[in-house]
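*Asks:* Okay, here's the structure, questions in a sec.
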Protein chains: 2
Amino acid sequence: MIHEAMRYSLLAGGKRVRPMLCIAACEVVGGHHSAAIPAACAVEMIHTMSLIHDDLPCMDNDDLRRGKPTNHKVFGEDVAVLAGDSLLAFAFEFIATSTTGVAPNRVLAAVGELAKAIGTEGLVAGQVVDLSCTGTNTNVGLDTLEFIHIHKTAALLEASVVLGAILGGGSDEQVEKLRMFARKIGLLFQVVDDILDVTKSSEELGKTAGKDLAVDKTTYPKLLGLEKAMEFAEKLNEEAKEQLAEFDRDKALPLVALADYIAHRQN
Amino acid sequence: MIHEAMRYSLLAGGKRVRPMLCIAACEVVGGHHSAAIPAACAVEMIHTMSLIHDDLPCMDNDDLRRGKPTNHKVFGEDVAVLAGDSLLAFAFEFIATSTTGVAPNRVLAAVGELAKAIGTEGLVAGQVVDLSCTGTNTNVGLDTLEFIHIHKTAALLEASVVLGAILGGGSDEQVEKLRMFARKIGLLFQVVDDILDVTKSSEELGKTAGKDLAVDKTTYPKLLGLEKAMEFAEKLNEEAKEQLAEFDRDKALPLVALADYIAHRQN
């Protein structure tokens, strides 16, 4: 049953943006995609784990995710907590034991980078501040909003890109350029998420739409207005792509396409 | 607040059996204790994380742990879930980034071993079966009981020892001998836990005593009777120490002492 619960959410048909970023970053620095496959799987496991835990009744209390009932709705809260824990642990196991053809010190650096993206400098930090800001009617400013997004969404997107770059054999300079690229699209991803929440239906999104508004969550459209939020998204997309200028143009095409996809996605 | 929640449970005064096992295993194979310190901290973080999540209302619903209110009683369920997730991630970050003087391939092997001890072949597997057996009045046999204990308790004790042995530079043979030692004391640990639950008060234990009986949990004293359970504990202690026969006698003394401590502890 625990394996069923893990598979249920992992294979619920996400967009797989993080694995694609990981593999594209590996290839842009000249690595073979096979070097990044276990890491690509691992970042999707971490992402899934964060969704399962965030959806719990004691957190965001969501019933619908990717068009299906959330994990705890199907398997119970106890199994949902444990399925998340398992996915978290298995992500590290899989990177550490299944990555082949890469120097161990690079794999180790990837493990450290991934772990950092989860903890109190990453996903968890974002969720903690998010929970403390929801429905309190406190005056949440742009700074706090960016903190939440950078940690809750951007940290793992950044790690996905950086892991790919490290495992693909990128130089320190290349890794840092791609980190800057990832930070821009990380923020972009969340701005677009906020815009979709107010412009699309639940059916189109595959999750509860208008939820941010209902729980009085601070969002970019709320802070900037819808039009300015859309302009901000375009600006971030352009800035992200500027970071790729020094890479081989052909090899950078998948990353450019992913940035455009994130900017223009409809769900 | 999330850091406070992590520290609250991590520094609540556990027995630190796992870190001591990790360091002792490192030294018995001839390693310097400094090689195992980050791993020793990591196994304690994982242990603490498993306690925080196991105590949640949707799991074992415990109010008291190590003589103090459980994490969710103090910080709320949402923060307790996230504090556990953070400790899990930080354990991997700490091993991967803070272990010094050890070849990267050994550190990587340690990461893989630790991750395996948590997931569906370890802690989580034990908790899943434990939850499914509690209060159901199904006929839980000795096989199921051993499965629960081997996974819920013994897996991390085993990993603590194996991590120390790997990071200390132990040969494959030495690592396997110490793994056998760890399996014996892992089971021993749980048998003694079960015995203490029926023979000690909550005050003496620092956690709710008689709880296993109250929720109709299958335990060794329930299955074997108290006397036979105590005999079984002694047998396991002897068998564990036999595994140390081929190591330097002086260097093995801390592991022998830890086995005796586990067998004869009063809380």
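The values are calculated or read from the model by the stated rules, or taken from the named source; none is laboratory data. Predicted model only: the values in this text are computed from it and were never measured. When we count neighbours, we look across all protein chains shown, and the Cβ atoms used for this are built from the backbone with ideal geometry, even at glycine.
*Asks:* Quick one: B:Leu131 ticks every box in (1) modelled with pLDDT of 95 or more; (2) within 8 Å of chain A (Cβ to nearest Cβ) except a single one, so which number is it?
*Replies:* B:Leu131 satisfies every listed condition except (1).
*Asks:* Since A:Gly186 meets every condition but one in (1) within 24 Å of A:Val43 (Cα to Cα); (2) among the small types (Gly, Ala, Ser); (3) in contact (Cβ under 8 Å) with a residue 60 or more places away in the chain, which condition does it not meet?
*Replies:* Among (1) within 24 Å of A:Val43 (Cα to Cα); (2) among the small types (Gly, Ala, Ser); (3) in contact (Cβ under 8 Å) with a residue 60 or more places away in the chain, the lone unmet condition for A:Gly186 is (3).
*Asks:* Just checking, how many residues over segment B:241-259 are under 16 Å from the mean Cα position of the chain (by Cα) and within 24 Å of B:Asp197 (Cα to Cα)? Lay out the reasoning, then the answer.
*Replies:* Of segment B:241-259, the ones under 16 Å from the mean Cα position of the chain (by Cα) are B:255, B:258-259.
Adding the requirement that they be within 24 Å of B:Asp197 (Cα to Cα) leaves B:258-259.
Residues that pass the stated criteria total 2.
*Asks:* Let me ask something additional. Name the pairs: first residue in segment A:72-97 and within 20 Å of B:Asp78 (Cα to Cα), second residue part of a helix (DSSP H, G or I) and of a type in the set (Ser, Thr, Tyr), Cβ to Cβ under 6 Å, at least 6 apart or on different chains?
*Replies:* A:Leu87/A:Thr48
*Asks:* Does A:Ala80 meet the test of being within 21 Å of B:His3 (Cα to Cα), at the interface with chain B (Cβ under 9 Å from one of its Cβ atoms) and not charged (D, E, K, R)?
*Replies:* The answer is no for A:Ala80.
*Asks:* Considering only segment B:1-74, give the helices (runs of 4 or more DSSP H) lying wholly within it that have at least 2 residues that are in contact with a Pro (Cβ under 6 Å, 6 or more places away or on another chain).
*Replies:* In segment B:1-74, the matching helices (runs of 4 or more DSSP H) lie at B:37-54.
*Asks:* Quick check on segment B:96-115: of everything there that is at the interface with chain A (Cβ under 7 Å from one of its Cβ atoms) and of a type in the set (Gly, Ala, Ser), which residue is nearest to the chain's Cα centre (by Cα)?
*Replies:* B:Ala115
*Asks:* Ok, one more. Could you list, in sequence order, the residues of segment B:134-176 that are more than 20 Å from the chain's Cα centre (by Cα) and within 14 Å of chain A (Cβ to nearest Cβ)?
*Replies:* Within segment B:134-176, B:Thr134, B:Gly135, B:Thr136 meet the criteria.
*Asks:* Taking segment A:50-77 only, how many residues are more than 9 Å from chain B (Cβ to nearest Cβ) and buried (at least 24 other Cβ atoms within 10 Å of the Cβ)?
*Replies:* Residues in segment A:50-77 being more than 9 Å from chain B (Cβ to nearest Cβ) and buried (at least 24 other Cβ atoms within 10 Å of the Cβ): 3 in total.
*Asks:* Does A:Leu142 qualify as being under 21 Å from A:Leu188 (Cβ atoms) and either free of Cβ contacts under 8 Å to residues at least 12 places away in the same chain or surrounded by fewer than 23 Cβ atoms within 10 Å (Cβ to Cβ) (or both)? Quick ask: steps written out before the conclusion?
*Replies:* Numbers: under 21 Å from A:Leu188 (Cβ atoms): yes; either free of Cβ contacts under 8 Å to residues at least 12 places away in the same chain or surrounded by fewer than 23 Cβ atoms within 10 Å (Cβ to Cβ) (or both): yes.
Criteria met by A:Leu142.
*Asks:* Here's another thing I want to ask about it. For the structure I just gave you, tell me whether B:Ile118 is facing another protein chain (nearest Cβ under 10 Å) and under 14 Å from the mean Cα position of the chain (by Cα).
*Replies:* Judged against the criteria, B:Ile118 is a match.
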